[in-house]
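None of the figures in this text is laboratory data; all of them are computed from the coordinates on show. None of these values were measured; they are calculated from a predicted model. Here the Cβ is made from the backbone with ideal geometry for all residues, glycine too, and neighbour counts use every protein chain on show.
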Amino acid sequence: MPKSIARSKTRKSVAKRFKVTATGKVVRNKASRRHLLASKNAKKKRHMAKSVVVHDTVVDRIKACLPFSH
């Protein structure tokens, strides 16, 4: 019986937190949007609702955890 080829699996925790766009950028959601929202003003909550591009220093590590992304 031939040996099976080792496949890299998707890290599901990373897949839930990050998304790879069609151009290859990695996008994430901002923190501080889960609880204690009564003490935060509407402008802050609005800005926290938007997603942002991940910093260049961690993009390679995130993409390594998502082998089947674009």
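What to note about this one:
- Tallying residues that are in a loop (DSSP other than H, G, I, E, B) and either under 22 Å from K30 (Cα atoms) or in contact with a strand residue (DSSP E or B) (Cβ under 6 Å, 6 or more places away or on another chain) (or both) within the range 1-16 yields 1.
- Screening R28 against (1) surrounded by 12 or more Cβ atoms within 10 Å (Cβ to Cβ); (2) over 10 Å from the mean Cα position of the chain (by Cα); (3) of a type in the set (K, R) leaves a single unmet condition, (2).
- Residues (part of a loop (DSSP other than H, G, I, E, B), touching a helix residue (DSSP H, G or I) at 6+ places or on another chain (Cβ under 9 Å) and not basic (K, R)) located in the range 36-67: L37, V54, L66
- Filter pass, K43 being exposed (fewer than 10 other Cβ atoms within 10 Å of the Cβ) and within 17 Å of the chain's Cα centre (by Cα): no
- Per the conditions (1) loosely packed, with under 10 Cβ neighbours inside 10 Å; (2) under 19 Å from H70 (Cα atoms), the sole criterion not satisfied by T10 is (1).
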